[in-house]
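The values are calculated or read from the model by the stated rules, or taken from the named source; none is laboratory data. Bear in mind the structure is a predicted one, so any value in this text is a computation, not a measurement. Heads up, the Cβs are rebuilt from the backbone with ideal geometry, glycines too, and the neighbour counts pull from every protein chain shown. Ligands, DNA and RNA are excluded from the accessible area calculation, which covers all protein heavy atoms including side chains. Shrake-Rupley method; radii C 1.70, N 1.55, O 1.52, S 1.80 Å.
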Amino acid sequence: MPEIRVTPLGAGQDVGRSCILVSIGGKNVMLDCGMHMGFNDDRRFPDFSYITRNGRLTDFLDCVIISHFHLDHCGALPYFSEMVGYDGPIYMTHPTQAICPILLEDYRKIAVDKKGEANFFTSQMIKDCMKKVVAVHLHQTVQVDDELEIKAYYAGHVLGAAMFQIKVGSESVVYTGDYNMTPDRHLGAAWIDKCRPNLLITESTYATTIRDSKRCRERDFLKKVHEAVERGGKVLIPVFALGRAQELCILLETFWERMNLKAPIYFSTGLTEKANHYYKLFITWTNQKIRKTFVQRNMFEFKHIKAFDRAFADNPGPMVVFATPGMLHAGQSLQIFRKWAGNEKNMVIMPGYCVQGTVGHKILSGQRKLEMEGRQVLEVKMQVEYMSFSAHADAKGIMQLVGQAEPENVLLVHGEAKKMEFLKQKIEQEFRLLPDAKKPRLLHGTLIMKDSNFRLVSSEQALKELGLAEHQLRFTCRVHLHDPRKEQETALRVYSHLKSVLKDHCVQHLPDGSVTVESILIQAAAHSEDPGTKVLLVSWTYQDEELGSYLTSLLKKGLPQGAT
Amino acid sequence: MAAHLKKRVYEEFTKVVQENDPSVRLKIASLLGLLSKTAGFSPDCIMDDAINILQNEKSHQVLAQLLDTLLAIGTKLPENQAIQNRLVDVACKHLTDTSHGVRNKCLQLLGNLGSLEKSVTKDGEGLAVRDVQKIIGDYFSDQDPRVRTAAIKAMLQLHERGLKLHQTIYNQACKLLSDDYEQVRSAAVQLIWVVSQLYPESIVPIPSSNEEIRLVDDAFGKICHMVSDGSWVVRVQAAKLLGSMEQVSSHFLEQTLDKKLMSDLRRKRTAHERAKELYSSGEFSSGRKWGDDAPKEEIDTGAVNLIESGACGAFVHGLEDEMYEVRIAAVEALCMLAQSSPSFAEKCLDFLVDMFNDEIEEVRLQSIHTMRKISNNITLREDQLDTVLAVLEDSSRDIREALHELLCCTNVSTKEGIHLALVELLKNLTKYPTDRDSIWKCLKFLGSRHPTLVLPLVPELLSTHPFFDTAEPDMDDPAYIAVLVLIFNAAKTCPTMPALFSDHTFRHYAYLRDSLSHLVPALRLPGRKLVSSTLSANITPHEDPSHQFLQQSLERVYSLQHLDPQGAQELLELTIRDLQRLGELQSELAGVADFSATYLRCQLLLIKALQEKLWNVAAPLYLKQSDLASAAAKQIMEETYKMEFMYSGVENKQVVIIHHMRLQAKALQLIVTARTTRGVDPLFGMCEKFLQEVDFFQRCFIADLPHLQDSFVDKLLDLMPRLMTSKPVEVVKIVQTMLRQSTFLHLPLPEQIHKASATIIEPAGESDNPLRFTSGLVVALDVDATLEHVQDPQNTVKVQVLYPDGQAQMIHPKPADFRNPGPGRHRLITQVYLSHTAWTEPCQVEVRLLLAYNSNSRLPKSPWVEGGEVSPQVETSVIEGTIPFSKSVKVYIMPKPARR
C-alpha cells in the first residue's frame, strides 16, 4: 500500500502561514501558501527551501491548491511562484481567483509603502502569479494529470472557500482549508459527501469550543453596537476586508433599516468597493436567503454603509467604523484605534481570532497599557468586547464533518497543540467503530473472457457453459496415533471424540468403519510395522480446506485418554 | 360500463402479448393494470394470464410493469385471501431478480398485499407460513439503495395496513440511519419513528454501557442526531417527526435545547442563561459588564461527548440550519412539543423569541404563530418582550398582524411590560396607520387580560394631574383611542379604575361605546345607569334556555305531517320568524338557527307551490300560477346551494337532506315546465336529465338511503325501473303524484355549524375622489377582507366587480393572498385590476365577494383520473355557481380617455 506523506511547512500546530505538502501516490501537492501575521521577517513565509535546495520547485510539485483568499492561506503565493520560482498550475475557485489579487495588492502596499520593506514582491509579480491560476467549480473533478485529480466542495467560511479532495488512484486525501458548519447571514454551511478518504486534513481552530447559537451572538453584537451608539460613542470593528466584514455589514444594514437608526456606518475604502462588487457577482456561493432574494434586491447593495475617509475619524458624534486589518496589527484599524482608545465611551469589538503578538491579542487578554512604536505608551480606556464571529467550525462542527466524510485517518492542523490533543482523543473515542463499506471483500467466481467481453459468473455456471468437468482437488494427510486397539475401535473412539468436539458439524460413523465429518473422510488403518500405532488417513477437498486442516491439527493432539 | 366490452379489450391485449418488442409489451402490461383499476371489471380473470406471462418474461422492465399490474389486481380484490397469497408467492419468487426495478415492485407488492398476521394463522393449509416482515427485512441490506428504500417503504406500508411491526426491526432500521443514500436515511427515520410509537415503553440497551433506556427515548435521540444530517431532505424529515414524539421523557426533551457550550474546555453559560440571571438579579437595564460571558469552571475532558450525546442541542442545530425548510420544520416541531409540555414551553421560549429575527419572513411568521399557540403556558419576561416588540417595526404586514394576534393572548408579568407594549404599539401605529384596527383589537385583549397592571399606569396614560386640569385630547386621534381601548377594557374588571378618569374621559367613553362597540365594553360607571348593557350581560350566563327554545321550535315542526296545509304554512312561517329572531339575539346559535330557518323556508316554498290550484286544472290555463311555482323551485335551489356550501360543519347526514330537497325542487321544475311547454321532444331530454339526477343521488348517498324511508326519493327509486322505460308524459305524471305525497324530512342538527360571512374592510366605499386612470389601461384596487368560517377559501372565494353597464367580472385571487390568522378565520388581501373604456363622468362600480361551489366535487373520482391523465385540480376548479356572501362596496372610478 503506497504511503501518504504529509509535511506541514506552516500551520501544523499553530495558526498562520498555512502550507502543507502532501505526497500521495508519487504525486506532490502543496495545499495553501500563506503568510504569518505575527512576523515581519523571513518567518512570515513558509520555508520553501525545504522542498528543494537548488532545483526548480516546478519539478517537485505537481500542483498547488489554494483553499480560500485569506492571506494566511494565500499570502505567500507571489513570493513562492515568482521569487522562489514555480510555473506549475495553481488551483483555486472562481471567487478566490477574483478576490485574491486585491488582497495581495493591499498586503503589498502596507508592507512596501508603509513599512518601506525592500525585496518584497511587486504588483507585476502578483499579476504574473495569477496568470498561473486555474479556476475550478464546485464539485467539478479536475484532472491535473493522468493520475491526479482534484475536486472542490463548499466550505462556508468566506466567499469562495472550498475543501479539496485530492485523489490518485484509489488513494485520496481531503483538505478542508478553513470551514464553517453553521450557516451565517451570507454564507451556507460546509458540506461534503461520504467520500471516505484515506486521510482527512482538517483545521481545528476551535477544537475545544462549542459555541452558542449564532442567533444569540448576533443579538449580542447588535445590542452592544446599539448601546454604544446610543451613548454617543464610536464603535470600531476591526475586520479583514473580506469575509466577516460582509456578514457584519449585512447584519448591521438590516438592523439599521429595521430600527431606523441614523448614526453613520463607514467601511474603510479601497478594497471594499471592489470586493463588494465580487460579492454581488458570486451570488451562487452565498446562502439560501441571498440566492433567493437577489432578483428583488441584492443584499450586498448597502444603503446605510458609506465609504470611510480618514478625516471622519475626528468627527463628533456616534459612528460605526469597519476598518482593516482585523487583528489591529497595522494599517487603518490600528490608526483609528490609537485615536479612539482614550475615550471610555468608545468601544472596539473584535469579531474574530487574533494571532499572538498582535495588538488585538494583547487587548483581548486584558492588557490596558500598550507599548507602541517609538516607545509611546497608549492607555486603553475604551471598552473592549470580543465576539466570536469567526467562521470556523467548532468542536461539534469538526466532528460533524468527520462523520460526514468518514475518513480512515484524521490529521488536525491549523490550531493549538494542546487543544488538538483533546479533539484527537474525542475523535478516537467516538469514531472507533466507523463502518468501512469500501473494504475489499472476498468473492468466489470465474472471470470469463470471450469475444472481448468480460463476465463474472459463478464457477458452476462457468463449468457448465464451457462444458468442463470440475477438477477435484483433494488433500490427504496421515496422522499417527498411538493406540494398541483394533482399527474399528480406534475409529469408534475418533468418532465419539469428534462428535463431542464438533457439535455444529455433522459427524457420521459409516458401516465400513470410516468416519465422515461433513465431506471429510477419516479412515483408520494399522501401521504396517508397528501394530501399536494406528494410521489415520484424513482426506478433504479443496473447498473444505479450513475444516480439514483444523481437523488434522485436532487429531494430531491425540485422543483423550478417558474416551473409549 | 359494459363489462363484456372490457373483456373484449382484454382479449385483444392477450393476442398482442406475444409481441416481440419489449416496449410494446411494457405498454400492454401497463394498460392491463389500468384496465383492472376501472370500475365494473373483475380482474381475477386476467390474473392467471398475467402470472403466466410473468414466468416467461425476460425483460426486466416488462417484469416490473407486470408486477405493478398484479399489484393493481391485488388491491382491487382485498377480500380474496387466496389470490393475495398467490400474488405474494409470485412476488417472493421474483425477489431474487437481478434488476432493482423488479425487486422494488416485488417489495411494493409485499407491502401492499402481504398478509396480516391474523389471516396467516387462519389459513394454515400446510402452506409454509411466510413471515412477510422477515422477507422484507432481509432486503434492508440489499446492495441497491433503491431497493433498500423500497423495503423500508414496504414495511411502512405494512404498518399503515394495520400490521404490527416486530420490535426487532428497530435495530435494523437504526443501522440504516448511517446509510450512504439520503432516500434510505429519510425512510429509515420514518420507520424508527413508527417503531418508537409502537413500542414506546420497551427497554433497549445503550451500546458500550450497561445502562438501558426506553425505546422512545432512544429513538428520539437517534432522530435528533439526524437533525444534523448531511442532506437537508433528511433533516426536514427528522425535524418534522420530532414534533410528534410526545411520549419522550422530559429530560431528553430539555436536552434538545442545551448544546453544552464550552470554551477552551471550560463550561460556558449560554446567552439565554445570562440574560435570565441578569433579569432575576434586577440588573436588567444596566450596561453590560466586561467579561460576563467568560468561561466558568473547567470541564472534565472525559465527560464531554461531542456527537453521540443524541438529543443534545438538536433544536439549537435545527433552528439555525442553513435551509429555511428545516428551520420551519423545527419551529413546528417545537410548537407541538411545547403544547404538550408546559415546562418545555417555558424553556423553548428564548429560542422562539430568537427566531423572530430570522432572515426569512416565513420562518419569522411561523415562529410568531407558534408562540401564539403556546402562549397559554408561558409568561414573557421583560427582556423577551423587548425582543418580541422590536419586531413590530417589521415592514411586512403579515408579521405585524401575527404579532398583534400574539400580543392578544400573551401574559405579561410587569406593568413596565404593559407600558412598553403600549409604547411600541403606538409607535407601530404612527409608522403604519393601516394597522389601526388590528392594534385596537390587540389593546382590547391586552387590557382585559391585565387589569391590575394597567391600573397604576392610568394617570400617566391619560396624562391627568392631581391639581390641574389638562387639555382634552383629540377624540379622533387613533393613538388616543388606542389608549382608551386599553384602559376601558381593563376597567371592566377593575371597579376602582373609573375613579381616576377625568370628565372628558367619561364623555369619550360614551362616544366610543357607541361608535366602536365591539372594542369598548359596557362599564359600571358610578352615578350612571348601565344603558342596554344589563340586558346582554344578564343573558349570557343563561345559555341553556335559548338552546331549549331552539329545540322546542324545531320539535314543533315535526308535527307538520298531521296538520292541514294552511296550518302547516302558518306553523312554518311562525317558526322561521322565531328562528331568525333567535339568531339575531344569540350569536352562538346564529349558525344553527339560520341553517334550520333556511331549510324550513324551502319546505314552506315547496308546500306553497304544491298548494297552487294549477295542479287541478288543465295546464295551458294557468300560465301565471306556474310562474309562481317555477320561481319557488328556483328559489329552493338557490337556498339549498347556500345550505350546502355556505355553512361550515355540515355533515353528510345534512347533505343528504339538502340534496333531497334540491331533488324535490328539480322535480317541481320538471313538472312545471312539462305543463307549460308544448311538444314532446324537449320534454324527453328533461326527463332523461332528471332521471340522471336521481341516479346520481342514489350513487352518492347509497349508504344513507335507509334513513330516507317513505321519502320522495325512496318512492321514486322503487319505481325507477318503470320510469326508465315509460314515456316522458307518464314520468311527469308519476313524479307529480309522488311529489305531492312526499313527506317532510327532519333535518338533524349538526354539532357545530357556522355560516360563512365576509366583510370587506377595504375599499371602505366612502371616498368621493374617483380613482382616475386612462381607459384601456388597468388600475389596481386594493381589496382587504376578513372571511369567517369559510372552508378552503383558496379555491372557493372569488371577487366580483360589477360595472355600471351591467358587465360583471370575476377575479380569482391567488392562493397566496389568503392568510390564516386564526382558526376559522381567513384574511384576503389582494389586488383587483379594473379596466374599462372611457367614461364621460365618474361612476361607481360594485365590488363583492362570491363563494363558488361545485356540487360534482362529491362524486367519487374515477380511477382514470387517479392514473394521472387529468390532474384532479382541473376538475374541482370548475365553478358550477356562485353565492354572494358579503355586502357589496361601491368604488368610485373614472376611466379617462387616452390623451393623444
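A few remarks follow.
- Residues satisfying the stated conditions in the range A:259-276, i.e. surrounded by 13 or more Cβ atoms within 10 Å (Cβ to Cβ) and more than 28 Å from B:Leu389 (Cβ to Cβ): A:Tyr266, A:Phe267, A:Ser268, A:Thr269, A:Gly270, A:Leu271, A:Thr272, A:Lys274, A:Ala275, A:Asn276
- Selection within the range B:157-180: residues that are open to solvent by less than 20 Å² (accessible area, probe 1.4 Å) and assigned to a helix (DSSP H, G or I). The member of this set that is farthest from B:Ser231 (Cα to Cα) is B:Leu158.
- Test: residue in the range A:308-331 that is under 18 Å from A:Val235 (Cβ atoms), surrounded by 19 or more Cβ atoms within 10 Å (Cβ to Cβ), under 32 Å from the mean Cα position of the chain (by Cα) and of a type in the set (Phe, Trp, Tyr): yes
- Helices (runs of 4 or more DSSP H) wholly inside the range B:710-771 containing at least 2 residues that are more than 40 Å from the chain's Cα centre (by Cα): B:720-725, B:728-741
- Residue check for B:Glu246: of a type in the set (Asp, Glu) and outside any loop (DSSP other than H, G, I, E, B): no
- B:Gly685 being exposed (fewer than 15 other Cβ atoms within 10 Å of the Cβ), modelled with pLDDT of 80 or more and not assigned by the TED database to the domain that holds B:Val891: yes
- Selection of the range A:507-564 for residues being open to solvent by less than 50 Å² (accessible area, probe 1.4 Å), closer than 22 Å to A:His471 by Cα and of a type outside the set (Gly, Ala, Ser) yields A:Thr516, A:Val517, A:Ile520, A:Ile522, A:Val538, A:Trp540, A:Thr541, A:Asp544, A:Leu547.
- Flag for B:Ile73 being at pLDDT below 80, part of a helix (DSSP H, G or I) and closer than 23 Å to B:Gly114 by Cα: no
- Total residues in the range A:197-221, condition facing chain B (nearest Cβ under 9 Å) and either closer than 28 Å to B:Asp180 by Cα or not β-branched (Val, Ile, Thr) (or both): 12
- Matching option when the condition is open to solvent by 50 Å² or more (accessible area, probe 1.4 Å) and within 15 Å of A:Pro197 (Cβ to Cβ), among A:Lys127, A:Lys131, A:Lys167: A:Lys167
- Scoring A:Gly233 on the criteria (1) within 12 Å of chain B (Cβ to nearest Cβ); (2) out of contact with any Asp or Glu (no Cβ under 7 Å at 6 or more places or on another chain); (3) closer than 14 Å to A:Ser390 by Cα leaves a single failure, condition (3).
- Filter result for B:Pro804 (part of a strand (DSSP E or B) and touching a residue at least 24 places away in the same chain (Cβ under 8 Å)): no
- Test: residue in the range B:213-231 that is β-branched (Val, Ile, Thr), within 14 Å of another protein chain (Cβ to nearest Cβ) and in a helix (DSSP H, G or I): no
- Exclusive hit being touching a Lys or Arg at 6+ places or on another chain (Cβ under 6 Å), buried (at least 18 other Cβ atoms within 10 Å of the Cβ) and within 12 Å of another protein chain (Cβ to nearest Cβ), set B:Val391, B:Val363, B:Val353: B:Val363
- In the range B:680-697, the residues that are over 18 Å from B:Leu719 (Cβ atoms) reach residues that are open to solvent by 100 Å² or more (accessible area, probe 1.4 Å) with C-beta atoms within less than 9 angstrom, at least six apart or across chains, in these pairs: B:Val680/B:Lys727; B:Phe684/B:Lys727.
- Options B:His746, B:His836: the member that is surrounded by fewer than 17 Cβ atoms within 10 Å (Cβ to Cβ), touching a residue at least 60 places away in the same chain (Cβ under 8 Å) and outside the structural domain of B:Lys653 (by the TED database): B:His746
- When residues in the range A:180-195 are screened for being out of contact with any Ser or Thr (no Cβ under 8 Å at 6 or more places or on another chain) and more than 8 Å from every other protein chain (Cβ to nearest Cβ), 3 of them pass.
Each row is one residue, and each column tells you yes or no for (1) farther than 16 Å from B:Ile760 by Cβ; (2) of a type in the set (D, E, K, R); (3) at pLDDT below 90; (4) open to solvent by 70 Å² or more (accessible area, probe 1.4 Å).
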site: B:Asn795; (1), (2), (3), (4): yes, no, yes, yes
site: B:Val801; (1), (2), (3), (4): no, no, no, no
site: B:Gly806; (1), (2), (3), (4): yes, no, yes, no
site: B:Asp817; (1), (2), (3), (4): no, yes, yes, no
site: B:Gly824; (1), (2), (3), (4): yes, no, yes, no
site: B:Val832; (1), (2), (3), (4): no, no, yes, no
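- The requirement of being away from every other protein chain (no Cβ under 13 Å), open to solvent by less than 20 Å² (accessible area, probe 1.4 Å), within 45 Å of the chain's Cα centre (by Cα) and modelled with pLDDT under 85 is not satisfied by B:Leu242.
- In this structure, A:Asp72 does not satisfy being within 18 Å of the chain's Cα centre (by Cα) and on the phi > 0 side of the Ramachandran plot.
- Residues that are touching an Asp or Glu at 6+ places or on another chain (Cβ under 9 Å), outside the structural domain of A:Cys354 (by the TED database) and over 30 Å from A:Arg217 (Cβ atoms) number at least 3 in the following helices (runs of 4 or more DSSP H) confined to the range A:390-503: A:459-466, A:487-501.
- Pair list, Cβ under 8 Å, 6 or more apart: the range A:78-95 residue under 13 Å from A:Phe48 (Cα atoms) and in a helix (DSSP H, G or I), other residue hydroxyl-bearing (Ser, Thr, Tyr) and modelled with pLDDT of 90 or more: A:Phe80/A:Tyr86
- Boolean, A:Leu71 is open to solvent by less than 10 Å² (accessible area, probe 1.4 Å) and in the same structural domain as A:Leu199 (by the TED database): no
- Set B:Ser536, B:Ser553: member being at pLDDT 75 or above, surrounded by 10 or more Cβ atoms within 10 Å (Cβ to Cβ) and closer than 26 Å to B:Ala597 by Cβ: B:Ser553
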